Amino acid sequence: MRFNSLAFRLFATAAAWTLLVLPIAGFIIYRLYRDDVQTSFDGQLLKLVNAITVDSMGSSGDAQPLPPSNLYEPLFEVTHSGWYWQILPLTPRGGRKLVSPSLATWSLPSPAAKSIEPDPSGARWMNAKGPKGEPLRLVEVIDTLGHEPGKPSYSIVVAGPQDWLDHLVANFRYRLTTALALAGLGLVAVTLFQVRFGLLPLRQIERGLAGIRSGTATTLEGDLPAEIEPLQSELNALIRSNQAIVDRARTQVGNLAHALKTPLAVIANEARTDKTGIGDKIVEQAEIMKQSVTRYLDRARMAARVGVIGRVTPTAPVIEPLVRTLQRIHQEKGVVIKVDCPAEARFSGEKQDLEEMLGNLLDNACKWAKREVELTVEVPPSTSRAKNRRLAITVADDGPGLSEEERARIGKRGLRLDETKPGSGLGLSIVLELAHSYGGTCELERAPQGGLAVHLNLPAG
């Protein structure tokens, strides 16, 4: 999955949203749970302090508060258990101080003494440290004996272990974090699968277009989703339209060639009957016109072929007959043509254009070589993308080669072929034009053998 791909964008946005929402949702759930547990714990403490108040302060006939007759919480009897109660007089003439067995000799602080305001129910709340330094949650109620005005006032305090509450909340936080983390990983995995599965039709289109480009298919086939069917129809229509345009161009070029060559032949034949100098001049100019018409019509045919989709030519079958023919032609010189061409090498273009380029290069090399000509074809890696696949062809000889000025002159774009003298690069200029028409390059340099090396870079099939 590449960084700038559509799949990465879809996956990254969905994953970012998941990783953003889940922590926020987890924090909200955690806070709600913590508040709910705290409210439940405070409710239990308030229930205990009210029960102790009613049990100890409810009788108006007693001069002192009574120890609670009901234990309410068994841990009140266990020393330093974290659960404590305390009844403390608030006036100097008050009665005795009562504490739970769990508190022993320790005294609980009074929220009222620390100026903590009561809540609407009259209870005061605070957090404090216990006998062993453990965190406690305290609730205090102020009441009088028999609940009658004028009677001595007492502070009734009940405390519970805050660390129990913190441990309960921490345990929930751990489980919640684990659950949300697993959910996040699951959602990211599902998102990745969803993106891959949802974009599979695009892979099908890519393979179909690659098949059209390689010549194994003529149209984009296959059942595609309803959203992509219009694209399939338009692409097939474009391919058919392109083929129709090329076919019409070929037909018109052929018709034009016949329409021009016949009148030129008639003019030349008539001029040959004229024995004056004017007749010879007409024949000469007619022949030049005929060559120009042929050359530019060939260029037009070549331009029409270049635009055709799906024309792929295996390279090795084109090279083999050329090499056999040229070795027979230059047999007297004893020129040896060495070929290194992988069987899978393919040229994205017309066979006749590849034949013309290689034929010109090999023929030119054989003419000037002393003993040896080398033809090397390099195939692009199979991992490279189709639009970037290039075929590298090198033809080198051990002849005298060309000077730097000659190489620059032949390689100059726009050079007219009829200005090129025989033996100075006519074939190379033709190769240069064909290579440029396919979006390729043709570079000339000195070969390691001492002669000329021509490097062709063409689209690969």
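The values are calculated or read from the model by the stated rules, or taken from the named source; none is laboratory data. Quantities reported herein were computed from a predicted structural model and do not represent experimental measurements. Don't worry about glycine lacking a Cβ; one is built from the backbone with ideal geometry, like all the others, and counts go over all protein chains shown. In case anyone asks, the SASA skips ligands and DNA or RNA and just uses the protein heavy atoms, side chains included. Shrake-Rupley method; radii C 1.70, N 1.55, O 1.52, S 1.80 Å.
Those residues that are over 24 Å from N171 (Cβ atoms), surrounded by 15 or more Cβ atoms within 10 Å (Cβ to Cβ) and within 47 Å of the chain's Cα centre (by Cα), I need them from the stretch 13-51; list them, please.
If the condition is that a residue be over 24 Å from N171 (Cβ atoms), surrounded by 15 or more Cβ atoms within 10 Å (Cβ to Cβ) and within 47 Å of the chain's Cα centre (by Cα), then A14, A15, T18 are the ones that fit.
Show the residue pairs meeting these rules: Cβ distance below 6 Å; 6+ apart or different chains; first residue within the stretch 5-17 and within 9 Å of L192 (Cα to Cα); second residue at pLDDT 85 or above and open to solvent by 50 Å² or more (accessible area, probe 1.4 Å).
Note: pairs meeting the criteria are F11/L192.
Would you mind finding the one in L264, L256, L235 that is touching a residue at least 12 places away in the same chain (Cβ under 8 Å), assigned to a helix (DSSP H, G or I) and either open to solvent by 70 Å² or more (accessible area, probe 1.4 Å) or among the charged types (D, E, K, R) (or both)? If you could, list the steps in order and put the result at the bottom.
On the way: L264 fails: either open to solvent by 70 Å² or more (accessible area, probe 1.4 Å) or among the charged types (D, E, K, R) (or both); L235 fails: either open to solvent by 70 Å² or more (accessible area, probe 1.4 Å) or among the charged types (D, E, K, R) (or both).
After ruling out the rest, the residue left standing is L256.
Please verify whether K333 is open to solvent by 60 Å² or more (accessible area, probe 1.4 Å) and at pLDDT below 80, treating the condition exactly as stated. Talk me through it step by step, then tell me what you get.
Numbers: open to solvent by 60 Å² or more (accessible area, probe 1.4 Å): yes; at pLDDT below 80: no.
No; evaluated as a whole, the condition is false for this residue.
Return yes when G184 is in contact (Cβ under 8 Å) with a residue 40 or more places away in the chain, open to solvent by less than 60 Å² (accessible area, probe 1.4 Å), among the small types (G, A, S) and farther than 22 Å from T294 by Cα and no when it is not.
Details: in contact (Cβ under 8 Å) with a residue 40 or more places away in the chain: yes; open to solvent by less than 60 Å² (accessible area, probe 1.4 Å): yes; among the small types (G, A, S): yes; farther than 22 Å from T294 by Cα: yes.
Answer is yes for this residue.
With the structure loaded, tell me whether L187 is at pLDDT 85 or above and more than 20 Å from A25 (Cα to Cα) or whether it fails that test. Steps first, please.
Working: at pLDDT 85 or above: yes; more than 20 Å from A25 (Cα to Cα): no.
Considered against the rule, which asks whether it is at pLDDT 85 or above and more than 20 Å from A25 (Cα to Cα), L187 comes out as no.
Collect the residues in the stretch 157-187 that are basic (K, R) and closer than 24 Å to A123 by Cα, keeping them in residue-number order.
none
Being within 27 Å of A460 (Cβ to Cβ) and of a type outside the set (S, T, Y): is that true of E206 here? Even if it seems obvious, please write down each step before you answer.
Details: within 27 Å of A460 (Cβ to Cβ): yes; of a type outside the set (S, T, Y): yes.
Taking the combined requirement at face value, the residue satisfies it.
For L192, are the conditions met, namely being outside any helix (DSSP H, G or I) and surrounded by 12 or more Cβ atoms within 10 Å (Cβ to Cβ)? Spell out how you get there, then give the answer.
Numbers: outside any helix (DSSP H, G or I): no; surrounded by 12 or more Cβ atoms within 10 Å (Cβ to Cβ): yes.
No; evaluated as a whole, the condition is false for this residue.
Quick test for you: out of L354, L326, pick the one residue that is of a type in the set (A, V, I, L, M) and in contact with a Phe, Trp or Tyr (Cβ under 8 Å, 6 or more places away or on another chain).
Result of the check over L354, L326: L354.
Do we find a residue being assigned to a strand (DSSP E or B), farther than 23 Å from R446 by Cβ and either acidic (D, E) or under 43 Å from the mean Cα position of the chain (by Cα) (or both) anywhere in the stretch 338-356? Spell out how you get there, then give the answer.
Taking the stretch 338-356 first, the residues assigned to a strand (DSSP E or B) are 338-340, 346-347.
With farther than 23 Å from R446 by Cβ added as a condition, the list becomes 346-347.
Filter once more, keeping what is either acidic (D, E) or under 43 Å from the mean Cα position of the chain (by Cα) (or both): 346-347.
There is at least one residue in the stretch 338-356 that is assigned to a strand (DSSP E or B), farther than 23 Å from R446 by Cβ and either acidic (D, E) or under 43 Å from the mean Cα position of the chain (by Cα) (or both).
Starting from the stretch 123-137, take each residue that is closer than 15 Å to S107 by Cβ and touching a residue at least 12 places away in the same chain (Cβ under 8 Å) and list its partners that are open to solvent by 30 Å² or more (accessible area, probe 1.4 Å) and of a type in the set (V, I, T), counting only C-beta distances under 7 angstrom and pairs at least six apart or across chains.
Hits for this filter: M126/I116.
Take the conditions closer than 30 Å to T218 by Cα and either in a strand (DSSP E or B) or open to solvent by 40 Å² or more (accessible area, probe 1.4 Å) (or both) and apply them to P400. Does it pass? Please lay out each step first, then the result.
On the way: closer than 30 Å to T218 by Cα: no; either in a strand (DSSP E or B) or open to solvent by 40 Å² or more (accessible area, probe 1.4 Å) (or both): yes.
Here the answer is no, as P400 does not meet what is asked.
Quick grid of which residues meet (1) assigned to a helix (DSSP H, G or I); (2) surrounded by 11 or more Cβ atoms within 10 Å (Cβ to Cβ):
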| position | (1), (2) |
| --- | --- |
| G211 | yes, yes |
| T218 | no, yes |
| P230 | yes, no |
| A244 | yes, no |
| D247 | yes, yes |
| Q252 | yes, yes |
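Restricting the stretch 443-456 to residues that are more than 20 Å from V336 (Cα to Cα) and buried (at least 18 other Cβ atoms within 10 Å of the Cβ), which is modelled with the lowest pLDDT? Explain how you work it out, then say what you get.
Going residue by residue through the stretch 443-456, those that are more than 20 Å from V336 (Cα to Cα) are 443-445, 456.
Then keep just the ones that are buried (at least 18 other Cβ atoms within 10 Å of the Cβ); that gives 444, 456.
Numbers: L444: 88, L456: 91.
Of everything passing the filter in the stretch 443-456, L444 is modelled with the lowest pLDDT.
Could you list, ordered by first residue, the pairs with Cβ atoms under 6 Å in which the first is in the stretch 349-364 and within 15 Å of S429 (Cβ to Cβ) and the second is open to solvent by 30 Å² or more (accessible area, probe 1.4 Å), at least 6 apart or interchain?
So the pair list comes out as G359/L322; N360/I430.
Tell me, yes or no, whether the stretch 117-125 has at least one residue that is in contact with a Lys or Arg (Cβ under 9 Å, 6 or more places away or on another chain), modelled with pLDDT of 90 or more and farther than 20 Å from P161 by Cβ.
Checked the stretch 117-125: at least one residue is in contact with a Lys or Arg (Cβ under 9 Å, 6 or more places away or on another chain), modelled with pLDDT of 90 or more and farther than 20 Å from P161 by Cβ.
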